[in-house]
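Below you'll find the structure, written out as structure tokens, and then a few comments.
The values are calculated or read from the model by the stated rules, or taken from the named source; none is laboratory data. Bear in mind the structure is a predicted one, so any value in this text is a computation, not a measurement. Using ideal geometry, Cβ is built from the backbone for each residue, glycine included, and neighbour counts are taken over all protein chains shown. To get the accessible areas, we keep the full protein, side chains included, count just its heavy atoms, and leave off ligands, DNA and RNA. Shrake-Rupley method; radii C 1.70, N 1.55, O 1.52, S 1.80 Å.
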Amino acid sequence: MLLIPGFCEPAAFLWPLKLSLQQNCDDVQLWNDRMIFRNLEKSVARLTSELQAQRSSGSIALVTHSFGDWVARRAIAASRSHHVSALVSIAPVMQAGIVPDLLHLATGNLIPEIAVMGDPVRANCDASVDASVRRLVIWASMDLYVRPVEIDEHPNASIHHLIGSHLTVAMQPNSLQLISQFLFSSSVIH
């Protein structure tokens with residue numbers, strides 16, 4: 001299982017989630033990428049390669065937060081043989097909230113992640129993932145970073161709106177329980 005952090009987000013931010021998931025899965029890894037000023041094409045290509053390298057271990061689950069979800073969706077779309085069986089999208093970037101809008105006004109397209117968030121078409125790119133991937137989307141009710149969008153998904157999608165902020169929704173007990181139930185109630189995930 002790979003945990004993919006978002007924009008300006010240290011990997012340590014996802015440690016509570018990692019510890020929670022390790023109760024049911026021995027192989028939970030934090031995917032390392034730049035926190036800011038990443039080369040988006042290289043990030044997507046690296047994750048695509050990682051997903052293809054995971055083929056030998058069977059199915060894999062991705063748990064993403066914020067901009068990490070955008071990278072994961074692009075990598076799934078770019079990979080012809082990804083073996084991703086489940087995608088948990090926590091506060092995914094599909095439409096910018098007030099904070100990225102303000103950052104975009106202040107920096108323009110200087111920061112690649114903000115350039116994506118500031119462009120509604122790019123931010124929502126690949127919002128509907130491969131129909132073979134089970135999906136859980138968690139939106140935070142008090143999120144200043146992203147706005148929830150309607151996701152035209154297949155029947156394998158489950159969408160929840162939880163009370164919390166953009167950052168707290170990834171580590172609060174009700175989210176951790178929901179994620180564990182989604183990932184581990186029906187099958188064993190790597």
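Observations, loosely collected:
- Applying 1/(1 + (r/R0)^6) with R0 = 35 Å to the Cβ-Cβ distance of ASN156 and THR107 gives a FRET efficiency near 0.40.
- Rh by Kirkwood over Cα pairs, then Stokes-Einstein D for segment 9-118 at 0.890 mPa s and 25 °C, µm²/s: 164
- Leading residue at positive end of dipole, the chain (Cβ point charges), from ALA91, ALA140, GLN52: GLN52
- Within a Gaussian network of the chain (alpha carbon springs, distance under 10 Å), most fluctuating of LEU105, LEU162, LEU51: LEU105
- Carbon and sulfur %, accessible surface of the chain computed with the full protein complex present, 1.4 Å: 57
- Rolling a 1.4 angstrom probe over the protein heavy atoms with all chains in place gives the chain an accessible area of 46 Å² per residue.
- On Cα atoms only, tilt of 40-53 relative to the major axis of the chain in degrees: 0
- Over all other residues within a Cβ to Cβ distance under 15 Å of VAL146, the charged ones net out to -4, with Lys and Arg as +1 and Asp and Glu as -1.
- Taking PRO148, PRO92, PRO112 as the candidate residues, the one with maximal mean-square fluctuation in a Gaussian network model of the chain, Cα springs under 10 Å, is PRO112.
- Taken about its Cα centre, segment 83-190 carries a charge dipole of roughly 240 debye when the Cβ of each Lys and Arg holds +1 and the Cβ of each Asp and Glu holds -1.
- One entry in [x] 24, 19, 16; [y] 47, 17, 11; [z] 41, 18, 14 is semi-axes √(5λ) of the Cα gyration tensor in Å calculated from the shown coordinates; its label is [x].
- Against the chain, whose longest principal axis is taken from its Cα atoms, helix 98-107 shows a tilt of about 50°.
- Choice from ASP27, ASP119, ASP69 with maximal GNM fluctuation in the chain (Cα, 10 Å cutoff): ASP27
- Relative contact order %, the chain, counting alpha carbon pairs below 8 Å whose residues are six or more apart: 23
- Overall, the chain carries a charge dipole of about 300 debye about its Cα centre when +1 sits on the Cβ of Lys and Arg and -1 on the Cβ of Asp and Glu, all other atoms neutral.
- Computed FRET value (nearest 0.05) for ARG80 with GLU41, which takes r as the C-beta separation and R₀ as 22 Å: 0.80
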